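Since the structure comes first, as structure tokens, the remarks are kept for the end.
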Amino acid sequence: MSEQMGPKTVDKWQYRISKSRLENGIPLGRFWLETGPDLPHFPVQDSTGKPVGMILGQVIDLKNKVVLESAWQAPVALGDDVDAFAKQVLWSLGGNFLWIFINDEFARIYPDCSAQVPCVWDASAGMAGSTAHALLDDAAYAERLDVKLHAALGVDGEGWFPVDQTAHIGLKRLLPCHYLNLKDWCAYRFWSIAQAEEPLEPQEATRRIVEVVRAQLEAIIATRKCLGLGLTAGRETRMLLACACSFIDKIEAFTVVGTDRHMIDSVVARRIAREFKFRHRELPRTTATTEQRDRFVRRGGHCYGDSNSWFHPSGWPIADSHVMVAGTGGEVGRGFFWRASDHKDTRITPQLLIGRFGLRQEPSLVESVDKWLKGLPPLNGFQILDQAYLELRMGTWHGVQFCCNPTVTRISPLLTFACVEILLVLPDEWKRESRFVDEVIRANWPELMQVPFNSLGWLRDSLITAHKVATNPAVIWKRLRKMRGAA
């Protein structure tokens with residue numbers, strides 16, 4: 001791919017970086033950076049004022065509780081230990097961001113803890129960017145689209161591209177906990193559970209998580225937009241509500257209302273708002289037109305096609321007025337990929353992991369997962385499953401959606417390195433029992449525990465599940481693959 005093969009302009013919330021001059025780009029060391037409309041980007045300095053690149057995204061300074069609107073200064077000097085400096089920068093920030101760390105000596109791209117501002121790259125062309133949509137013109141986009149793999153993994157439904165695969169031949173994805181070295185265009189791991197700090201006492205861990213979450217909520221409240229809390233019937237959004245207890249009058253909760261899963265969310269959220277008397281607004285579930293859905297998928301580089309691609313217009317009415325806050329990421333603290341038969345000595349194979357994903361055992365996927373496993377430091381079975389959830393699910397399924405719908409600003413306060421590190425080292429029994437969420441609620445707004453989670457009662461829940469299966473048979477096949485992957 002040559003620089004002429006890229007699109008003439010970069011779309012909203014997208015970016016690209018090249019070793020060759022970009023017509024609309026700005027110089028960044030020996031590289032050129034071009035950003036699309038409305039993608040915030042700010043220079044970064046170390047504590048001595050030395051330039052250390054650029055940061056992109058909707059970034060929150062955790063210590064000062066502010067959403068960045070201008071250049072940011074790191075709390076420490078670069079010094080001789082670049083890895084220690086990088087960790088200080090990454091652990092100081094919340095929101096969603098990508099740090100392009102460039103100076104006279106280094107040229108690296110670091111994602112946040114779940115790669116929420118995505119990065120893909122073409123090593124042969126010396127280019128990186130948010131998606132294939134930002135790097136390839138229409139002809140190259142169509143020519144390099146791997147239609148066979150896209151179909152095999154069910155990406156038009158509940159499937160996705162785990163590991164570093166993308167929908168386009170020759171483009172690789174930067175995973176969480178890895179940086180891309182722009183000198184050799186290779187990715188390197190910089191963090192894993194093996195490097196986590198010593199576990200805190202569980203009660204101190206929950207207190208610290210609340211502190212980090214509240215810092216981000218307060219930062220959003222201080223902006224010109226209203227904080228909109230996405231309230232569902234689940235645990236994580238209830239936990240965020242508990243964290244906001246002391247300033248509940250400054251937020252507005254939202255629930256997308258509709259059939260199936262949204263019906264449970266609608267009824268439970270409505271009850272919570274009524275009983276605890278805070279502002280709550282219902283957004284009708286709105287289905288995208290085929291053109292809108294195609295644009296959503298294209299903006300994500302054909303790496304995501306799940307239900308959000310059809311229902312993303314539901315959030316448009318509040319796009320200009322609110323920052324939406326979600327509970328995404330709490331699964332990291334409750335062993336999402338664990339099964340009852342698992343133990344620390346469980347042997348984690350590519351086939352087992354792909355089964356837990358609910359995806360087909362596609363040969364190229366097996367090979368990629370095997371390579372990912374071999375690149376890990378020594379970890380036990382539980383740790384590998386948790387690392388896989390963070391990198392191969394959050395980073396490659398959740399993170400890729402950032403560019404798909406460049407309208408509503410969305411922040412997931414649990415998806416910060418500061419929180420994720422704590423969640424990953426919680427006691428195993430806490431993870432199995434999903435205790436950390438309940439403990440946060442009990443400590444901050446215990447009355448919220450009186451309302452059941454994710455349920456309208458056995459009969460209504462069963463009817464909703466039956467309707468979902470009848471209208472989307474792919475759900476059954478995915479569940480069967482997960483069951484086969486449980487062993």
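Some points to look at:
- Mean separation of Cα contacts under 8 Å, 6 or more apart, over the residue count of the chain: relative contact order %: 18 percent
- When the P(r) is computed for segment 60-129, the part past 17 Å accounts for 49% of the Cα-Cα pairs.
- The ranking of HIS302, HIS343 from fewest to most other beta carbons within 10 Å of each one's beta carbon is HIS343, HIS302.
- Alpha carbon centroid spacing (whole Å) that separates segment 207-278 from segment 413-446: 17 Å
- Helix runs (DSSP H) in the chain reaching 18 Å along axis by Cα, Kyte-Doolittle at least -1.0: 202-221, 261-276, 458-471
- With the simple model of a label 7 Å out from the Cα in the direction of the Cβ, ASP38 to SER321 spans 1.7 nm.
- Loop-located GluC sites (Glu not before Pro) in segment 236-330 whose Cβ has at most 10 other Cβ within 10 Å (DSSP): none
- log₁₀ of I(q)/I(0) at q = 0.06 Å⁻¹ - the chain, Debye sum with one point per alpha carbon: -0.25
- Distance cut-off 18 Å, percentage of C-alpha pairs in segment 198-302 lying past it: 60 percent
- Residues TYR188 and GLN73, FRET efficiency given R0 of 22 Å [Cβ-Cβ distance, rounded to 0.05]: 0.25
- Note on ALA142 and ARG281: the model spin-label points, each 7 Å out from Cα along the C-beta direction, lie 4.1 nm apart.
- Over the C-alpha trace of segment 325-468, radius of gyration and Dmax come out as 17.3, 50 angstrom.
- Given charges at Cβ of Lys, Arg, Asp, Glu: the chain dipole, positive-most of TYR389, GLN73, ALA222: TYR389
- Take each peptide in 224-233, 159-168, count the other Cβ atoms within 10 Å of every residue, and average; sorted highest first, the result is 159-168, 224-233.
- If you take the alpha carbon atoms of segment 3-194 and fit the smallest convex hull around them, that volume is 131 Å³ per residue.
- In terms of its C-alpha gyration tensor, segment 74-170 comes out prolate, because a/c is 1.5 or above and the ratio a/b outweighs b/c.
No value in this document is a laboratory result; all are computed from the given coordinates. Everything numeric in this text was worked out from a predicted model, so none of it was measured. Backbone-built Cβ (ideal geometry, glycine too); neighbour counts: all protein chains shown.
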